[in-house]
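A short reminder: the numbers here are calculations on the coordinates, not readings from a lab. Given the structure is predicted, the values throughout are model-derived calculations rather than measurements. Using ideal geometry, Cβ is built from the backbone for each residue, glycine included, and neighbour counts are taken over all protein chains shown.
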Amino acid sequence: MSEVNNAPPLRKIPVEIANLLGEPVLWRNEKRDHYDAILLAVAVSVGARDIVDWFCANDVTCLALDARRLQVAKAALILNKQIEVVEELMKSTYDPRDAYRDTLYNMLDARNEARRWSTDPAFGAKIDERLAARGHDVASILGKAYSLCVAELQVLDKSIADREFRRMAILREVQRRDEFMARRLEKTSQQIIDGEFSDVAE
């Protein structure tokens, strides 16, 4: 078990540690400062004492963040397919006044309304009510969207499972060296995956 460390918590990743860890792999629009803040918070949380601890904290942080990214990607994929389904249903259930309005709606308004459905809760509720009255409730829309991207979802699920397998393998190795640190690392990395971990080290 780790010894109690009464030293004040770190406010910055030590330069020598940062140099040894190297540059993190970031996705578009991700900030290095944000990654470093999460890694620092994880390292402080688990009581990293030496370069081995820092490497373990860094590896688990990378895997946890990657799993979180893939979960976000899954949600975005399903939402995009829901938008497609809603757009097609808006077209097929639209009651036009004339042929010109029908063509114009199919070209422009259905897509715009489907996109707004995904971002405006009040407007989305009205669309849900309109489609439900025509036999297309929220559950059926979600089911149709899922069926359109099931292959992609399976690929993402496999990737998430791979990250989890590798994360747990690292934790098992850490446990052989320091059981307390392994428990803390497992908890904080799971919080990252769940989107519940603060990136501010206190």
* Using a simple spin-label model with points 7 Å from Cα along the Cα→Cβ vector, what separation in nm is obtained for residue 76 and residue 162? -> 1.9
* Report the extension gain between residue 123 and residue 175 in nm, rounded to one decimal, defined as 0.36 nm multiplied by the number of residues separating them, less their alpha carbon distance. => 13.6 nm
* Could you list 168, 181 in order of exposure, starting from the residue whose Cβ has the fewest other Cβ atoms within 10 Å? => 168, 181
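Pull out the extension gain between residue 150 and residue 30, defined as 0.36 nm times the separation in residues minus the alpha carbon to alpha carbon distance; nm, one decimal. It would help to have the intermediate numbers written out before the result.
Numbers: separation 120, 0.36 × 120 = 43.20 nm, distance 2.76 nm.
Result: 40.4 nm gained on full extension.
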* Structure fact -> Highest GNM mean-square fluctuation among 119, 188, 61, for the chain with Cα springs under 10 Å, belongs to 119
* Alpha-carbon spread of the chain, three principal axes, descending order, Å -> 77, 28, 26
* Asked: Taking other Cβ within 10 Å of each residue's Cβ, how do 185, 171 sort, fewest first?
  -> 171, 185
